[in-house]
Amino acid sequence: MMRAPAGPWRVGDVRIARVLESEGPWDGTILLPNATAENVERERDWLYPTFCDEAGRLRMSIHAFLIESQGLRIIVDTCVGNDKVRPQAEWNKQQRPFLERLEKAGCTRESVDRVVCTHLHVDHVGWNTMLRDGKWVATFPNAKYLIGGTEWDFFSRAEDSFLKDPVDDSVRPVIAEGRAELVDDRHRITDEVWLESAPGHTPGHFTVRISSQGEDAVISGDLMHHPIQCGYPEWDNRFDNDGAMAKKTRRAFCERYADSKTLVFGTHFATPSAGRISRKGGSFRFALA
């Protein structure tokens with residue numbers, strides 16, 4: 001199957017590269033109860049073969065984005081990570097060459113300046129830390145880790161292990177090292193890169209906006225996990241903290257960027273992960289750029 005290349009991309013003076021951790025087809029109902037094989041088949045004309053397979057499973061990816069802007073190297077969302085004890089078999093103590101892929105994208109872990117977590121779920125914070133001599137330490141030793149203040153307020157008090165465990169091994173250690181900065185949802189990283197509020201999936205979830213030389217892009221975070229949600233922004237997501245708010249935010253996102261030149265980077269969209277949103281009747285579609 002031929003795939004469009006997964007970057008790097010240029011948005012004005014900003015360079016964006018994708019750093020893959022893992023990718024494959026998933027039973028969509030694990031995430032989206034309405035994403036049955038039958039419902040996916042109805043959207044085959046615009047999803048297949050990039051975003052679904054022959055069996056109606058959703059193709060999805062776990063990856064980070066590397067942004068280079070005005071002399072700063074910024075990592076957005078750090079995937080699952082290695083050596084982490086997780087209840088999901090495929091993630092438990094996994095060993096993947098993420099850091100090697102980061103170097104192939106042109107960046108060593110020591111040269112990262114900022115780490116952005118759009119939210120604090122397990123598959124967005126994992127490479128914040130790495131295991132050294134039995135201790136979790138900051139993977140990016142010279143970086144400032146940017147964490148939403150609203151997000152931290154919620155997750156720091158979480159007692160459920162699904163939320164708590166990743167915070168304990170992937171967030172608290174960088175705070176203890178003095179490497180974290182709590183930021184609001186309008187924080188500007190450079191003149192070209194800033195954060196915007198997008199609540200619902202989690203209380204303090206945000207997207208990352210990029211604008212340079214008249215060109216624009218946005219990184220979705222988990223505002224949506226798969227392009228089929230452009231077609232059905234009202235579908236439930238089992239992992240949304242506030243389902244009603246998430247649906248409102250998702251539709252507003254699609255309304256805002258539909259039929260525009262803004263390049264949309266999906267944090268879990270399959271390779272090549274970037275495209276544009278267009279209107280289709282009363283809903284939307286996503287197509288590769």
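The values are calculated or read from the model by the stated rules, or taken from the named source; none is laboratory data. Just so it is clear, the structure is predicted and the values come from calculations on it, not from any experiment. FYI the Cβ positions are ideal-geometry reconstructions off the backbone, even for glycines, and counts take in every protein chain you see.
Residues checked against (1) of a type outside the set (S, T, N, Q); (2) over 25 Å from G126 (Cβ atoms); (3) not in a loop (DSSP other than H, G, I, E, B):
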{"position": "I16", "(1), (2), (3)": "yes, no, yes"}
{"position": "V19", "(1), (2), (3)": "yes, no, yes"}
{"position": "T29", "(1), (2), (3)": "no, no, yes"}
{"position": "D45", "(1), (2), (3)": "yes, yes, yes"}
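Could you list all residues from segment 164-174 that are surrounded by fewer than 18 Cβ atoms within 10 Å (Cβ to Cβ) and in contact (Cβ under 8 Å) with a residue 12 or more places away in the chain?
D165, the sole residue that qualifies.
Search segment 223-262 for residues being among the aliphatic types (A, V, I, L, M) and buried (at least 21 other Cβ atoms within 10 Å of the Cβ), and hand back the single one that is nearest to F51 (Cα to Cα). Lay out the reasoning, then the answer.
Step one: filter segment 223-262 for residues among the aliphatic types (A, V, I, L, M), giving 223-224, 228, 244-246, 252, 258.
Going one step further and asking which of them are buried (at least 21 other Cβ atoms within 10 Å of the Cβ), we end up with 223-224, 228, 246.
Details: L223: 17, M224: 14, I228: 8, A246: 22 Å.
Here the answer is I228.
Please go through segment 191-214 and give me each residue that is assigned to a loop (DSSP other than H, G, I, E, B) and either surrounded by fewer than 18 Cβ atoms within 10 Å (Cβ to Cβ) or in contact with a Phe, Trp or Tyr (Cβ under 9 Å, 6 or more places away or on another chain) (or both), ordered by number. Let's see the steps before the verdict.
First, pick out the residues of segment 191-214 that are assigned to a loop (DSSP other than H, G, I, E, B): 191-192, 198-205, 213-214.
Passing the criteria: D191, A198, P199, H201, T202, P203, G204, Q213, G214.
Among the listed residues V183, V218, which satisfies the condition of being surrounded by 17 or more Cβ atoms within 10 Å (Cβ to Cβ), of a type outside the set (F, W, Y), over 27 Å from R285 (Cβ atoms) and without any contact (Cβ under 8 Å) to a residue 60 or more places away in the chain?
On the way: V218 fails: over 27 Å from R285 (Cβ atoms).
The conditions single out V183.
Residues checked against (1) without any contact (Cβ under 8 Å) to a residue 40 or more places away in the chain; (2) farther than 19 Å from G266 by Cα; (3) of a type in the set (G, A, S); (4) in contact with a Leu (Cβ under 9 Å, 6 or more places away or on another chain):
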site: I16; (1), (2), (3), (4): no, no, no, yes
site: D53; (1), (2), (3), (4): yes, no, no, no
site: F65; (1), (2), (3), (4): no, no, no, no
site: V85; (1), (2), (3), (4): no, yes, no, no
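Within segment 79-107, take every residue that is surrounded by 22 or more Cβ atoms within 10 Å (Cβ to Cβ) and out of contact with any Cys (no Cβ under 7 Å at 6 or more places or on another chain) and give me the one that is nearest to Q229 (Cα to Cα). Walk me through it before giving the result.
Going through segment 79-107, the residues surrounded by 22 or more Cβ atoms within 10 Å (Cβ to Cβ) turn out to be 79-81, 84, 98, 102.
Checking the rest, the ones that are also out of contact with any Cys (no Cβ under 7 Å at 6 or more places or on another chain) come to 79-81, 84, 102.
Working: C79: 21, V80: 23, G81: 26, K84: 30, L102: 29 Å.
Within segment 79-107, the match that is nearest to Q229 (Cα to Cα) is C79.
Within segment 1-14, count every residue that is surrounded by 18 or more Cβ atoms within 10 Å (Cβ to Cβ) and modelled with pLDDT of 95 or more. Walk me through it before giving the result.
Narrowing segment 1-14 to residues surrounded by 18 or more Cβ atoms within 10 Å (Cβ to Cβ): 6-7, 9, 11, 14.
Next cut, modelled with pLDDT of 95 or more only: 9, 11, 14.
Counting residues in segment 1-14 that are surrounded by 18 or more Cβ atoms within 10 Å (Cβ to Cβ) and modelled with pLDDT of 95 or more gives 3.
Give the residue that is farthest from T29 (Cα to Cα), with candidates limited to residues of segment 45-59 that are aliphatic (A, V, I, L, M) and buried (at least 21 other Cβ atoms within 10 Å of the Cβ). Steps first, please.
Filtering segment 45-59 down to residues aliphatic (A, V, I, L, M) leaves 47, 55, 58.
Applying the additional criterion that residues be buried (at least 21 other Cβ atoms within 10 Å of the Cβ) yields 47, 58.
Details: L47: 16, L58: 9 Å.
Per the stated criteria, the residue is L47.
With segment 99-186 as the region, which helices (runs of 4 or more DSSP H) entirely inside it contain at least 1 residues that are of a type in the set (S, T, N, Q)?
Details: elements: 149-155, 161-170, 172-176.
Of the helices (runs of 4 or more DSSP H) lying wholly inside segment 99-186, those with at least 1 residues that are of a type in the set (S, T, N, Q) span 149-155, 161-170.
Among the listed residues G266, G214, G282, G221, identify the single one that is out of contact with any Cys (no Cβ under 8 Å at 6 or more places or on another chain) and modelled with pLDDT under 95.
Values: G266 fails: modelled with pLDDT under 95; G214 fails: modelled with pLDDT under 95; G221 fails: modelled with pLDDT under 95.
Matching residue, one of G266, G214, G282, G221: G282.
R238 is checked against (1) outside any loop (DSSP other than H, G, I, E, B); (2) over 16 Å from the mean Cα position of the chain (by Cα) and fails just one. What number does that condition carry?
Evaluating R238 over (1) outside any loop (DSSP other than H, G, I, E, B); (2) over 16 Å from the mean Cα position of the chain (by Cα) leaves (1) as the failure.
For segment 276-289, give me each residue that is within 13 Å of P227 (Cβ to Cβ) and either without any contact (Cβ under 8 Å) to a residue 40 or more places away in the chain or surrounded by fewer than 18 Cβ atoms within 10 Å (Cβ to Cβ) (or both).
Looking only at segment 276-289, we keep the residues that are within 13 Å of P227 (Cβ to Cβ), and these are 276-278, 280, 283-289.
Correct list: R276, S278, K280, S283, A287, L288, A289.
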